[in-house]
Structures are given as C-alpha cells and as structure tokens.
Amino acid sequence: MNNKSIKNICCIGAGYVGGPSMAVIALNCPDIIVNVVDINLQKIDAWNSDDLSRLPVFEPGLDKVVEKCRGKNLFFSTEVERNIRKADIIFISVNTPTKEIGLGKGYASDLKWIESSARQIAKFSRNHTIVVEKSTLPVRTAETIRDILESSEEISDFGTEREQKSFSIISNPEFLAEGSAINDLQNPDRVLIGGEEEESIDRICSIYKNWVDSDKIITTNLWSSELSKLVANAFLAQRISSINSISALCELTGANIKEVSLAIGKDKRIGDQFLKPGPGFGGSCFKKDILNLVYLCQYYGLHDVADYWEQIVKINSWQQERISSIVIKNLFGTLSNKKLAILGFSFKANTNDTRESPSIAISKNLLKEGSELNFYDPKVNKNQILKEFQGNEYEKKIKVSETAFDAAKGTDAVIVLTEWEQFNNLDWELIFQVMRKPAWVFDSRNYLDKNHLSKVGFKVWTLGQSS
Ligand code: NAD
Ligand code: UGA
C-alpha cells in the first residue's frame, strides 16, 4: 500500500502537537492535503498570520516549514465539519489535561475534548475513515472512541447521497519534545503505530515512510501503543526526579551533581541523556501523564505500583519547595522588602510554553514570603507572565522587564530558572553594579560560570554543589 490512495488528512487540534506534526507531514508528503482545524479562532488566525514570528507555537525551524507548505498543501482553519467530511484520515491532537473535578479528579485524564472530537467525527465523516489517536491517552481509550463512533448513525444522509460509514482506530502517539519539535519530527527515534487491522496500520505507515526509515517504524497492538506513550514519559520523568534527588545529597556531601551525572551517564546501560539536574520537570505532559498512570494502576488494583510512580511527582514538587527555601534561607530568612529577579519563565529553553513551568511554583513560593519579583524571559511575552498571577493577592508585586539587565536592577538576587543560553552571556559585571549588596545569583540549572560570577563579586548558589 502506498500513500497515493491518501488524499486528504484532517487534524483536530492546532496546538503544540497538531501544528508542528502536521506541518512536517505536509512538508514530506506534497501529494497529501493536510487541514489542521481548531475551535480557537485566535489560534487559527495566528497560524495564518503573514508575520511568521506570530505563529502560536515557537519552535526553531517551524516558521520555514509553514512558509513552504501553507496555502499549498497545509491549511489552518476553524471549519471542523467541512474538513472532517473531506478526510480519509483524521488525527486527533486535542488536549488531554488532568481532570479538575469529579471521579479521578487530580489524577485521571479529562477526555471531554477527545469525546467531543469523536462525536464530531461520528457525525460528519463519510465512507471509511481512519481515526488516529495522536493525543496522549489512557490505555484502552480506543475502546471509548470506538463506542462513540459505532453509536453514530450507520447510514449518513448528505443531500441526496446515502453512504455506509465505517471506521478503524489507530494509536500513533507523538514523542516530540518542545524546543526541538521539528528535528524530532523529521528524525524521530521511532514512530509507533498501534492498531488492529493490517490495512489501516499500513496506510499510516505509508505516510511516515516518505521520510522515516522502515526500521524505525514500530507496529504494535492498540493497547501497547497507548500504554507505551505514558510509560515513555514516566521513565523520562523518573530520570529527572532521580538526578534531582541526588542533587540534594551532593550539596551536603561535597560531591558535584554535574560530575556524578557525567560519571554515571558514561555507563552505556544508564546513558547520558536526561540526567541534567534542575528545578524539576515542567511542561504540560510529564506530571499529567504520570498521574494518569497512577490512576490507571489504582483502577486496576495495583496500589503499590501506583505509589511507586507517584513518588516521581512528589520528588518533583519537593525539589521546587527545596529551591525556594534555599533562596529564602540565604537571604537572611526573610523576603520582606526584598526584590528578586526571575530569569526564565518557560518550562525549558527554546520554547514559549509555560505550562507547569517550575518558575511558576517557585515564584509563588517566593511571593508568599513577601518578595517583589521582576521577570524576564526571552520568548514568553509580558501578558502571558502577568496572566499567571492575575486575580491573586500578589498581582501588584509583579513586574515584567524587557531585558535581563532591567529585571535585575535594584534586586537582591537573580534566580535563574530556565536554561536560556543568553543568560550565560549576560554582562554580569554591569548587572552586579546595579544590584543591592550582597548580590546573589541562584543557578537552579547548574549551567552558569560559577567562578566568573564569584570573581565579579556575587554570592553564588549552584544546584547540586556545596557552596
Ligand atoms: P494544545 O492545548 O496546545 O492543543 C490542543 C488544541 O486542541 C487546542 O488548540 C484546542 O483548542 C483544540 N481542541 C480541543 N478540542 C477541540 C475540538 N473538539 N475541535 C477542534 N479543536 C479542539 O495541546 P498539545 O500540547 O498540542 O497536546 C495535545 C496532545 O498531545 C495531548 O494529549 C498531549 O499530552 C500530547 N502531547 C503533547 C506534546 C507537547 O510537547 N506539547 C508532546 C507529545 C504529546
Ligand atoms: C517531553 C518528552 O521529552 C517528549 O518525548 C514527549 O513527547 C513530551 O514530553 C510530551 O509527551 O509532551 P517536553 O516536555 O517538551 O517533552 O520537554 P523535555 O525536554 O522532556 O523536558 C521536560 C522537562 O524536564 C523540562 O522542564 C526540562 O527542563 C526538564 N528536564 C529535562 C530536566 O530537568 N533535566 C533533563 O535532563 C531533561
């Protein structure tokens, strides 16, 4: 089976996954029309903006791909119904956050956006449609989607035509990381495709085979594919909590977490990736996916297994509390009448995404202690930062600056929470001159030049090193 028979793809959800992943499909499959649809008009307008710096997702290289394909075989619109009708294959890339109310609150995934997408597909699709789960989902969600699709009217009536509808469901989770999405999509470690019918699996494989080697395309049953995505994220997050837990032990013993990380990572069985210590993992997925795994384990009666995985999230929160306390203790135990500069608001470098950013939790802890905060992030805009504190008692204690230098002016400490490369190249001498003394730098990512900062005159705390 080749992809000649695939003419039209629709993707529901134009977010961090839907936008970049479909842009890369469009780039590599010029014969396929790719329509990305979303209910959020503002987001679609931004995807269609002439000014490519205004795309709703900042990803290195994304603007070039969009420039090349948009208007040719890549389209962004709010016309959900019309594009579902035209599609041979529908990817569902909608959000699946943690439930905030009701059964499973705080743990289970909220599948209301998945359900509404499935209902729209059931209503508006025609003939045979392959429905692809691109969102990250609890294992066995395909069963729910199938129930919704199969409860749709068997026969649909479009004008004078009467057609038989049928569906097959495929799980094709996305493994891209933000900040490197285009590279991850162009050169994936693997593409995972789970399904029940060989023909549908082959059709999805045929799309990826346009640019991905066949030996990187793994096919499994539906449930293995759905579960593997959750487990991959849980294993990645587990490494971060492991190294962060050891960062605390390093600070007390004279070991240096960077050296420990290097030493253990050289063992091929451990590997050197994902061993960077920091203020805890952020991002929209790790926490929600582990909590979802915890919920599933509880649901299936595996309580000890649930406790094991929940500990990864607990250590993550503990690391954020720990860093906040270290700042407070070093600033003489109180932040009243003190101003602090927070450098970095995105959850990692090279993205404008702030969801679950460690900066949010740590800033709130510092505000609770009475400090004022000046923020600077190279890619997160002012409103996005202010929104995070809107409506709470600390709103008036927040300022967002245009440069790191402005943010640092008149402060007692600079707290670096995102590892933007530019923070390494700041004119720290100049910054030192405009700060109140003793002037502190807290490096929560262990990546600044501590010797240089100390020489300039700063008091420096580096995560995972004894002072
Ligand atoms: P997102 O919030 O950025 O985008 C989801 C989009 O879906 C939103 O724009 C929303 O308006 C739209 N939407 C919701 N319901 C809709 C409907 N019925 N019709 C049309 N549009 C609808 O989310 P995201 O970060 O792209 O994540 C999507 C999924 O992919 C999640 O399950 C997530 O866990 C998973 N995932 C995310 C990443 C990542 O790096 N962000 C990576 C891998 C997997
Ligand atoms: C993560 C996974 O890496 C992707 O494979 C997955 O597709 C995605 O989640 C998802 O399902 O959403 P992402 O969250 O975009 O991608 O970014 P990561 O690079 O994994 O970083 C996550 C968090 O961990 C960041 O806050 C980062 O600073 C932190 N991190 C990462 C560390 O503290 N140390 C590390 O060594 C690596």
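Consider PHE91 against the criteria (1) among the hydrophobic types (A, V, I, L, M, F, W, C); (2) within 24 Å of ILE169 (Cα to Cα); (3) away from ligand 2 (no atom under 16 Å from the Cβ): it satisfies all of them except one. Which criterion is unmet?
(3)
Tally time: how many residues in the stretch 421-447 are open to solvent by less than 20 Å² (accessible area, probe 1.4 Å), more than 11 Å from PHE405 (Cβ to Cβ) and of a type outside the set (Ser, Thr, Tyr)?
6
Sort out which residues of the stretch 306-325 are away from ligand 2 (no atom under 14 Å from the Cβ), of a type outside the set (D, E, K, R) and within 21 Å of TYR394 (Cα to Cα), and write them in order of number.
SER324, SER325
For the condition out of contact with any His (no Cβ under 7 Å at 6 or more places or on another chain) and closer than 16 Å to LYS396 by Cα, what is the one hit in LEU335, LEU343, LEU331?
Checking each option against the conditions leaves just LEU335.
Across the stretch 340-378, what is the total count of residues that are part of a helix (DSSP H, G or I), out of contact with any helix residue (DSSP H, G or I) (no Cβ under 6 Å at 6 or more places or on another chain) and open to solvent by 10 Å² or more (accessible area, probe 1.4 Å)?
Number satisfying all stated conditions: 2.
Residue under question is ASP38, and the condition is that it be at pLDDT 95 or above, among the charged types (D, E, K, R) and more than 11 Å from CYS11 (Cα to Cα); does it hold?
Criteria not met by ASP38.
Of all residues in the stretch 123-136 being within 14 Å of ligand 1 (Cβ to nearest atom) and open to solvent by 10 Å² or more (accessible area, probe 1.4 Å), which is nearest to ASN83 (Cα to Cα)?
PHE124
Inside the stretch 178-232, can you point out the residues that are under 17 Å from SER21 (Cβ atoms), of a type in the set (Ser, Thr, Tyr) and either free of Cβ contacts under 8 Å to residues at least 60 places away in the same chain or touching a Phe, Trp or Tyr at 6+ places or on another chain (Cβ under 8 Å) (or both)?
Scanning the stretch 178-232 gives TYR208, SER225.
Looking at the stretch 386-416 only, could you name the residues that are crowded, with 19+ Cβ neighbours inside 10 Å, in contact with a helix residue (DSSP H, G or I) (Cβ under 8 Å, 6 or more places away or on another chain) and small (Gly, Ala, Ser)?
Of everything in the stretch 386-416, those that are crowded, with 19+ Cβ neighbours inside 10 Å, in contact with a helix residue (DSSP H, G or I) (Cβ under 8 Å, 6 or more places away or on another chain) and small (Gly, Ala, Ser) turn out to be ALA404, ALA408, ALA413.
Quick one: which residue in ASN337, ASN383 is open to solvent by 50 Å² or more (accessible area, probe 1.4 Å), on the phi > 0 side of the Ramachandran plot and not in a strand (DSSP E or B)?
Result: ASN337 is the single residue among ASN337, ASN383 that is open to solvent by 50 Å² or more (accessible area, probe 1.4 Å), on the phi > 0 side of the Ramachandran plot and not in a strand (DSSP E or B).
Using the structure shown, decide if LYS258 is among the charged types (D, E, K, R), open to solvent by 70 Å² or more (accessible area, probe 1.4 Å) and either more than 7 Å from ligand 2 (Cβ to nearest atom) or touching a strand residue (DSSP E or B) at 6+ places or on another chain (Cβ under 8 Å) (or both).
The answer is yes for LYS258.
Please enumerate the residues belonging to the stretch 31-56 that are in a helix (DSSP H, G or I) and either surrounded by 15 or more Cβ atoms within 10 Å (Cβ to Cβ) or more than 12 Å from ligand 1 (Cβ to nearest atom) (or both).
LYS43, ILE44, ASP45, ALA46, TRP47, LEU52, SER53, ARG54
Only one of these is open to solvent by 50 Å² or more (accessible area, probe 1.4 Å) and in contact with a helix residue (DSSP H, G or I) (Cβ under 7 Å, 6 or more places away or on another chain): GLU59, GLU79, GLU100, GLU115. Name it.
Residue meeting the stated conditions: GLU115.
For (1) surrounded by fewer than 21 Cβ atoms within 10 Å (Cβ to Cβ); (2) of a type outside the set (Gly, Ala, Ser); (3) within 10 Å of ligand 2 (Cβ to nearest atom), each residue gets a yes or a no:
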site	(1), (2), (3)
TRP223	yes, yes, no
GLN238	yes, yes, no
ALA248	yes, no, no
GLY254	yes, no, no
LYS268	yes, yes, no
CYS285	no, yes, yes
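For the structure I just gave you, tell me whether ASP110 is within 13 Å of ligand 1 (Cβ to nearest atom), over 22 Å from ASN35 (Cβ atoms) and charged (D, E, K, R).
Answer is yes for this residue.
The values are calculated or read from the model by the stated rules, or taken from the named source; none is laboratory data. Bear in mind that the values here come from a model prediction, so they are computed numbers and not experimental data. Every residue, glycine as well, gets a Cβ built from its backbone with ideal geometry; the counts of neighbours run over all protein chains shown. Side chains are part of the model used for accessible areas, which takes the heavy atoms of the whole protein and leaves out ligands, DNA and RNA. Shrake-Rupley method; radii C 1.70, N 1.55, O 1.52, S 1.80 Å.
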